[in-house]
1. What list of ³J(HN,Hα) couplings, whole Hz, do you get for the range 497-514 from phi and the Karplus terms 6.51, -1.76, 1.60, once you set θ to phi - 60° and write x for glycine and proline?
2. Any idea how far apart Trp342 and Glu380 come out in nm if each label point goes 7 Å out from Cα toward Cβ?
3. Can you give the FRET efficiency to the nearest 0.05 for Ala548 and Leu190, using r as the Cβ-Cβ distance and R₀ = 22 Å?
4. Between Thr235 and Ser434, what is 0.36 nm times their sequence separation minus the Cα-Cα distance? Round to one decimal in nm.
5. What residues qualify as long-range amide H neighbours of Gly281, i.e. H under 5 Å apart, gap of 5 or more or another chain, H built at 1.01 Å from N?
6. Quick one: what Rg and Dmax do you get for the range 385-594 from the alpha carbons, in Å?
7. Let's test the formula: R0 of 35 Å, r as the Cβ-Cβ distance of Ala172 and Asn579. What FRET efficiency results, to the nearest 0.05?
8. Taking 35 Å as R0, compute the FRET efficiency from the Cβ-Cβ separation of Ser315 and Leu541 and round it to 0.05.
Amino acid sequence: MVVSMALLRQSPSFELLFHCPVQRTRFLPPAVLSGVRNRFPSCRWLTLTSSSSRRLNSFTSRCSITNTDVCHEFVTTTDEEDLPSPPEDIHPIPIVHLDTTNIAVTESLSLLTECTYVDTVLTALPVLSEEEQTALAATPAHPEGLYVLYASCLVGNLVEQLWNFAWPSAIAMLHPSLLPVAVMGFVTKLAIIICGPVVGKFMDHSPRVPTYISLNVVQAAAQVLSAGMIMHAYTVPSTLGSSILLQPWFFALIFAGAIDTLCGIASGVAIERDWVVLLAGINRPIALAQANAVLNRIDLLCEIAGTMLFGVLLSRYDPVTCLKFAATLMIGSLPTMTALIWLTNKFSSGVLDRPKCSQSSSAPEGPRSETDSIFDLGMEAIKLGWKEYIQQPVLPASLAYVLLCFNIVLTPGSLMTAFLTQRCVNPSVIGGFSGLCAVMGVAATFLSANLVKRFGILKAGAVGLFFQASLLGVAVAVYWSSSLSQKSPLFFFLSMIVLSRLGHMSYGVVGAQILQTGIPSSKANLIGATEISVASLAESLMLGVAIAANDASHFGFLAVLSLLSVVAASLIFCRLLRNPTDEQRRLFSFDPLAI
C-alpha cells in the first residue's frame, strides 16, 4: 500500500489512525515534492478509530490524522540539498492519499463465502493461543438467542410429541384393527416423499421468522382439525370392518394429518439446518455440536414427557376429554411459541432477518407462463430438489443417514416389539428395552460434543457409525448362533441393540452438523426436505420387504438386511473421510481435526 502524507515533526514514534500494514511511505514537504523516501525496517500496523468496521472501499481519499510523529532517522535524500522544515508553530493538517487500485482486498474478501457473515467467520487467528481459539469455537455467536430458541423448541416439541402419541392411541381405541393407523402412516410417508422438496423450496425463498410463525399456525390448525375429527368419530355410531376408511371424517383426518406432518418437517428442517447454524456459528464446531446435542436432547425428553402425560390422562379420563385437553394445549402454546420466536430474533441482533442468498443475490427466475399449473411447478421443485441433493458437497454423509433408515428391525420400533411379543417376552422387558434405548439416545447427545472436540467433525461421525455397526454385528451373530428362547442370549441380544443406539444417535447429531456445515443456507431447506423424502422412501421400501416376509421365522433375514445397511453407511462415510475433495477440504478447513 502506497501512502503519501505531509511531515509534521521529527519524533521517535509513528502513530496513524488506519489499521493496515505499511510497507512504504512517501513524505512530501511543502518545498519538495519528490526525492525523499522513508522506508521502515519492519511492517507496521495502523490503528483503527471508531469507524474501523467500515470496509476499505468506504474510506475517502483524504483524511485528517492527528498526533502524527515521524521518525526522522530513516529519511534519505536523492540529492545533496537540505530540505526546508516547517516552522515549529505551524501544524499543517496531513493528507493521506489511498491508492485504492493497489489495495489487495481480494484475498481478504475470499474468506467470506456466499451469505457468510463476518461474525461467523473463525479462520486463522494468529493473535490467539490454541486454548483461546478452542474456547472461542465453543462460544455461540448469539448465545441469548440460542437459549430462547431452546425454550421455543421445548414448547413446540412437547405439543407435537404429545399429539404424535395421542392420535394413534385414540384411533386404536376407536377401531380394533390396525388398518386405519397403517393407512394414516402410509399416506403421511407418501406426502413427505412427494411434497418434501416443494416445501423445502418454498422455505428457501421465504423470510425466516414470518414463514416459521405461519407454519406453526397452520400446523396447530391441522392438529386441532384432526382432534375434532376424531372426537366427531366418537359421537357417531360405531362402524365395523374396514368401512371406517370410507367415512368423510377419516378423509379429513388424513388430509389434516398430512398437512400437520409437512409443517412439522418444514419447521424442523428450518431450525436444524438454518436457524441453529446462524445462532451458533457455522465455523464454531464445538458450539454448533453442543447446540445440536441440546436440540436432540429436547426432542427425546419431550417424546418421553409427552407420551407419559397423555398416557396418564388416558388412564384417568375418556378419550374425548383427553383430546379436548390436547387441542387446548395446541391453541394455548401457539402465542407462547410466537413470542419466543420473536424474542429469539431480537436477542440475536436480528440475525434471522438477514436475507438468504436465494432472496438477494441469486439470479431471478424467468417469467412464468400463465399456463403453468401447480402440478408443473411442483414437478419442477421436485426435480430441482433431487438435483441439488445429488450435487451437494457432503452427499456421502447424507447417504449414510438414508441407509441407516433401512434399519427398521434392529431398533426399538414396532417390528421389534411385534417380534418380542410373539416370542412371549414379558411386556416389562419390552418396555424396559424401549426405555433404555431412549436413555442411550439422551446419553449420546452429551457424548457427541465431546467426540467432535476430540476427533473433529468427520472422525466423530465415523466413530459413531463403526460403533453401531460392530455392536449390531455382535447382536446378529448372537441371534444366529443361539436360541433366544433362553434368557441369557435374549438379554445379551437386546443389550447389544441398546448400546448400538449410542452410536446411532451420536451420528445423528454429528451428521446433522456435517450437513449444516456443507450445505449453503440458500439451499438448506430444499436439500434437507429432499433428504427426508429420500429417507421416507427408504423406510417405505424396507417396510415393503417386511410385509413380504411377515412371518416371524424371517426375522433373521430382516436383521441381516438391517446390519448390511448400517455397514454400507459406514463404508460410504469412510469415502468422505479418506478421499475428500478440494471443496470438502475447504468446507472443513476451520477444523484441524476434521480431515
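1. Along the range 497-514, the couplings run 5, 4, 5, 5, 5, 4, x, 4, 6, 4, 5, x, 6, 5, x, 4, 5, 4 Hz.
2. So the label points at Trp342 and Glu380 sit 3.6 nm apart.
3. Details: r = 19 Å, r/R0 = 0.86.
The calculated FRET efficiency here is 0.70.
4. Details: separation 199, 0.36 × 199 = 71.64 nm, distance 3.45 nm.
Contour length minus the Cα-Cα distance gives 68.2 nm.
5. Ala141
6. Spelled out, the Cα radius of gyration and Dmax of the range 385-594 are 17.9, 55 Å.
7. On the way: r = 49 Å, r/R0 = 1.41.
So, using R0 = 35 Å, E works out to roughly 0.10.
8. Numbers: r = 37 Å, r/R0 = 1.06.
After rounding to 0.05, the efficiency reads 0.40.
Any read-out appearing in this document is the output of simple, stated calculations on the displayed coordinates, not a laboratory observation. Because the structure is predicted, anything quoted here is derived from the model rather than measured. So basically every Cβ, Gly included, is an ideal-geometry build from the backbone, and we count neighbours across all protein chains shown.
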